[in-house]
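Enquirer: Structure provided below as structure tokens; questions to follow.
The values are calculated or read from the model by the stated rules, or taken from the named source; none is laboratory data. Since the model is a prediction, treat every value here as computed from it, not as a measurement. Cβ atoms come from the backbone with ideal geometry, glycine included; neighbour counts cover every protein chain shown.
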Amino acid sequence: MTILTRRFLLRLCLILTLVTVIQGAWPGPAVAQNGSALDSTLSSILPGNEEEGDQKAADGDKAASDSKTKTETKSSDSAQSRTPPAVPSHSEQGLTKADYETWNTIASRAEQSIQDNRASETAYEQLRSQLVTWRDQFQKEESANSTAISTVQAQLDALGPAPADGQEENEVDAKQRDDLQSRLAELQAPAKQATLAYSRADALIKSVDVILRDRQTQALITLGTSPLDLTKWPGAFDAALTFFRNVAADSIDAWHNGSQRSVFRQNLPLVIGLLGLALILLARGRDWIERLALKVLGTERSASRWLISFIVSLGQIILPVGGIVALYTAAVISGLMSSRVQALAQTVPFIGLLLFTARWVGGYIFPVADGSNAPLELTIGQRREGRVYANVLGALMALYILISRVADFEGWDQSTLVVLVFPILVVIALFLLRLSRFLIAHAATVQSEGGEIGFRAQLVMVLGRTVFIVAIVAPILCAIGYFQAARTLIFPTLLSLEMIGFLVILHRLTEEVYVLLTGNRSGVAEALLPVLVNLVLGLLSVPVFALIWGARITDLTEMWSRFVAGFTIGDTHISPADFLTFVVIFAAGYAVTRMLQKAMKTTILPKTKLDIGGRNAAVSGIGYIGIFLAALLAITLAGIDLSSLAIVAGALSVGVGFGLQTIVQNFVSGIILLIERPISEGDWIEVGGKQGFVRAISVRSTRIETFDRTDVIVPNADLISGQVTNWTRGNLIGRLIVTVGVAYGSDTRRVQKILQEVAEAQPLVLLNPPPGVVFQGFGADSLDFEIRMILRDVTQMLGVKTEINHQIAARFAQEGIEIPFAQRDIWLRNPEALHPQPSSTPAVPRGVEQGPTLADGPAPSHMRDDGDAGGDGEGDGGDR
């Protein structure tokens, strides 16, 4: 086919399409029903909404078919149909008394419906929607009269505190106070009533959510029909054949219907034109776009070419889906479609979108061209095989959706659906097994090349193993009879893989845009901006994954409403609006600070007499002050209370002030220190018998602030060549040992338990690893214990040790445990030697042993320790 012929056909199809639009031949009723068809389609592939999707599909089918009706009658549903108006009346005065009466009626009936637990999922979803509407209105009402309340409260504050008991207030002030308090109570009454109603509505919403989740869980664990039950096969095949017979019969009846045939003849030119357009787009459109994208990409592979090729490649989805829409439109305006076929055909555009999107994603994940930019490290043969798997899996997913839609329309029982879907599920599992091998092979290849598996490769490895497990478990569950659990595993896994592939493509897109803007392809791997953009994209995809794996839209809206409402920390309420205000103001202050630093460094400071160290100190000081003021202004304007942070802010300001000065010394060693960074500012180091905190590192010397608040200037050469102990390198974690002694006779187990409790109660003590108590041994005067603990901040060890000693003393006094202290008894063998008598030796009283005399030799004197050999805790005291 020549280029001129192609252009002619494309222009002809475009003209026919425009004529169709102008004549208004696009099907109105069918398009109007697309919503219900799409809901049914989504419910067939997403877990958690099966019964709701069935109900919506039944409603759409009832509107499309006059011969087929589905009705569901339950007492709870009928009760809901008699519910008063769901939406409260809006007035300038807020909610009225009638609104609250209506709300009480709705809440009572909702409580009864929740208690009965007999309504369908659709009925509960409608009930939940009503409750959410009321709750939102109550939330708005909680802030009613806020301005007037603030005014009255300010007037009360101006009057001062109320007089204490026994004191009297003058009549004028007392009357004003009573009037203001009455006015304040009157203004606060609507808000209090709204708060009570809000709490009730919120509790009812949570109860409805619990019911829906319980039903979803029950559906997963309910044992149903096994597809291996051969007795179910004839019925399933007969149901499928009956469907095809009915479709054929409906088509024949439509052809023999005179009015329908007249419509067909009237719209025949449009039908032929749309069929031609559909044929061209479906048969050749994707191939044309693929070749065009490869031609645009070329061999240069620049960022601009890649982006243009990416935009062109979207035609691989748009053109085929457009062909399906044209085909569907031609079938509708032909007038020969029966209601059954028309209801099923509404799903075809969505199925086509899913199918061709899967092919497009597979083409990017497993590219044809060989190059280093492929997401997975695979061979050309493996990539070719991967593209086949992506196409087949997309087709199988489309087939499953179509069968599920037919089952909804025809009212097939679950056994029929299980028998027909089981082969599809098994084939999908087989292809997923092969696909998981590719993912694992990529991680293994990266590990063999780099020696150590990276974060991305590790994620791919985990993903591959997860897909492998799902592919094994899902068919087994389905074969046993857990069909709902099986399809809840297999089909969301397929959609998740497609979503992950789409995120990978977006990741490549952000990198190419970055290269286009910066022109630095070699540095894109180390750039921060693409990583941040990809992080945002990943966060935005979380709700999509939640929907894929069974979350309801109402769940997401509930989480969003609570997120927007914010949260409270202490007396401070923080909301996204407050956070955004903080970020914007702080960013503006930060930008101004950096501009001022640049101006000072390049324009003003070079013209002063300050040396380079002083200039750097001044620039750093401006940066610290500017960032501090920006943060302070942002926090204040955001409404965050800083009163509780005043002490911490004061301590931080002192620390920053000590680190502003810089001294330039020891150039060579300073450069080595700055490159190797064995120490950093703020580290607690010990060098040359001096220890303290590093406050400044320059190119020649390092300033250390000791605990005596004195500065020690250490040449950098000493730090390079000498031995340096760094207590806080990398972190502030360090060990503290506290020694404790108790008297002999104490219960050692009880002592150990008390010491353990005291250590674990300290906020700065890490619990992992936990603190330990060591029974060190038997000392001369006491039983020695050691508490060994790891502190979060080793610089606070003295404070922690002091607090622990205080608590130990208090606990020991409370428990009656004695802390011993050394006692000394002095024995004098010859006390008379201290007072010699010249005449004679005095008589020794009877019963008293005479000590040695001077003639017997020297009389040594010694101190005898008060050991506790008896274990009575009182010491021996010698032999008296």
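Enquirer: Take GLU818 and tell me if it is part of a loop (DSSP other than H, G, I, E, B) and surrounded by 12 or more Cβ atoms within 10 Å (Cβ to Cβ). Even if it seems obvious, please write down each step before you answer.
Expert: Working: part of a loop (DSSP other than H, G, I, E, B): yes; surrounded by 12 or more Cβ atoms within 10 Å (Cβ to Cβ): yes.
Judged against the criteria, GLU818 is a match.
Enquirer: Please determine, by comparing only the residues of the range 356-386 that are more than 23 Å from GLU512 (Cα to Cα) and in contact (Cβ under 8 Å) with a residue 24 or more places away in the chain, which one is surrounded by the most Cβ atoms within 10 Å (Cβ to Cβ).
Expert: Pass one, the range 356-386, residues more than 23 Å from GLU512 (Cα to Cα): 356, 379-382, 384-386.
Then drop every residue that is not in contact (Cβ under 8 Å) with a residue 24 or more places away in the chain, which leaves 356, 382, 385-386.
On the way: PHE356: 24, GLN382: 16, GLU385: 16, GLY386: 21.
Across the range 356-386, the extreme among qualifying residues is PHE356.
Enquirer: Residue by residue through the range 760-783, note down the ones that are closer than 27 Å to GLN691 by Cβ and out of contact with any helix residue (DSSP H, G or I) (no Cβ under 7 Å at 6 or more places or on another chain). Show your work before the answer.
Expert: Step one: of the range 760-783, the residues closer than 27 Å to GLN691 by Cβ are 762-766, 769, 771-772, 774, 776.
Passing the criteria: PRO763, LEU766, PRO769, GLY772, VAL774, GLN776.
Enquirer: A further question follows. Name every residue in the range 171-194 that is over 18 Å from THR96 (Cβ atoms) and of a type in the set (S, T, N, Q), in order of residue number. Give the derivation first.
Expert: Filtering the range 171-194 down to residues over 18 Å from THR96 (Cβ atoms) leaves 171-185.
Within the range 171-194, GLN176, GLN181, SER182 qualify.
For (1) exposed (fewer than 12 other Cβ atoms within 10 Å of the Cβ); (2) in the same structural domain as ARG811 (by TED's automatic domain parsing); (3) over 15 Å from GLN807 (Cβ atoms); (4) polar (S, T, N, Q), each residue gets a yes or a no:
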position: ILE720; (1), (2), (3), (4): no, no, yes, no
position: GLN756; (1), (2), (3), (4): no, yes, no, yes
position: PRO763; (1), (2), (3), (4): yes, yes, no, no
position: GLY772; (1), (2), (3), (4): no, yes, yes, no
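Enquirer: Shifting gears a bit: State yes or no: is THR105 part of a helix (DSSP H, G or I), modelled with pLDDT of 80 or more and in contact with a helix residue (DSSP H, G or I) (Cβ under 6 Å, 6 or more places away or on another chain)?
Expert: Values: part of a helix (DSSP H, G or I): yes; modelled with pLDDT of 80 or more: yes; in contact with a helix residue (DSSP H, G or I) (Cβ under 6 Å, 6 or more places away or on another chain): no.
Against the criterion (part of a helix (DSSP H, G or I), modelled with pLDDT of 80 or more and in contact with a helix residue (DSSP H, G or I) (Cβ under 6 Å, 6 or more places away or on another chain)), THR105 does not qualify.
Enquirer: Here's another thing I want to ask about it. What's the total number of residues in the range 248-284 that are of a type in the set (Gly, Ala, Ser), modelled with pLDDT of 85 or more and crowded, with 17+ Cβ neighbours inside 10 Å?
Expert: 2
Enquirer: Right, another one. Out of ALA248, ALA189, I need the residue that is more than 52 Å from the chain's Cα centre (by Cα) and part of a helix (DSSP H, G or I). Which one? If you could, list the steps in order and put the result at the bottom.
Expert: Working: ALA189 fails: more than 52 Å from the chain's Cα centre (by Cα).
From the options ALA248, ALA189, the qualifying one is ALA248.
Enquirer: Step by step: first the residues of the range 478-523, then only those that are β-branched (Val, Ile, Thr) and over 30 Å from ALA219 (Cβ atoms), then the one that is surrounded by the most Cβ atoms within 10 Å (Cβ to Cβ). Which residue is that?
Expert: If we filter the range 478-523 for residues that are β-branched (Val, Ile, Thr), which is where we start, we get 480, 488, 490, 493, 500, 504-505, 510, 513, 515, 518.
Next, only the ones that are over 30 Å from ALA219 (Cβ atoms) stay: 504-505, 510, 513, 515, 518.
Working: VAL504: 17, ILE505: 17, THR510: 19, VAL513: 16, VAL515: 21, THR518: 13.
Restricting to residues being β-branched (Val, Ile, Thr) and over 30 Å from ALA219 (Cβ atoms), the top hit is VAL515.
Enquirer: Pick out the one residue from PHE350, PHE409, PHE422, PHE356 that is at pLDDT below 85 and either of a type in the set (A, V, I, L, M, F, W, C) or outside any loop (DSSP other than H, G, I, E, B) (or both). Working first, answer last.
Expert: On the way: PHE350 fails: at pLDDT below 85; PHE422 fails: at pLDDT below 85; PHE356 fails: at pLDDT below 85.
Answer to the check: PHE409.
Enquirer: Quick check on this structure: which one of THR739, THR802, THR748, THR795 is surrounded by 14 or more Cβ atoms within 10 Å (Cβ to Cβ) and among the polar types (S, T, N, Q)?
Expert: Working: THR739 fails: surrounded by 14 or more Cβ atoms within 10 Å (Cβ to Cβ); THR802 fails: surrounded by 14 or more Cβ atoms within 10 Å (Cβ to Cβ); THR748 fails: surrounded by 14 or more Cβ atoms within 10 Å (Cβ to Cβ).
The unique qualifying residue is THR795.
Here is a yes/no grid of residues against (1) in contact (Cβ under 8 Å) with a residue 60 or more places away in the chain; (2) in contact with a strand residue (DSSP E or B) (Cβ under 6 Å, 6 or more places away or on another chain); (3) closer than 30 Å to TYR364 by Cα:
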| position | (1), (2), (3) |
| --- | --- |
| ARG245 | no, no, no |
| GLN260 | yes, no, no |
| LEU270 | yes, no, no |
| LEU277 | yes, no, yes |
| ASP287 | no, no, yes |
| SER313 | no, no, yes |
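Listed here are the residues, each with its yes/no results for (1) in contact with a strand residue (DSSP E or B) (Cβ under 6 Å, 6 or more places away or on another chain); (2) more than 22 Å from ASP793 (Cβ to Cβ); (3) among the charged types (D, E, K, R).
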| position | (1), (2), (3) |
| --- | --- |
| SER701 | yes, yes, no |
| GLU705 | yes, no, yes |
| ALA717 | no, yes, no |
| VAL724 | yes, no, no |
| ASN731 | no, no, no |
| GLY734 | yes, no, no |
| GLN752 | yes, yes, no |
| PRO771 | yes, no, no |
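Enquirer: Taking the condition of being at pLDDT 85 or above and either assigned by TED's automatic domain parsing to the domain that holds ARG215 or not in a helix (DSSP H, G or I) (or both), how many residues in the range 517-555 meet it?
Expert: The number of residues fulfilling the criteria is 1.
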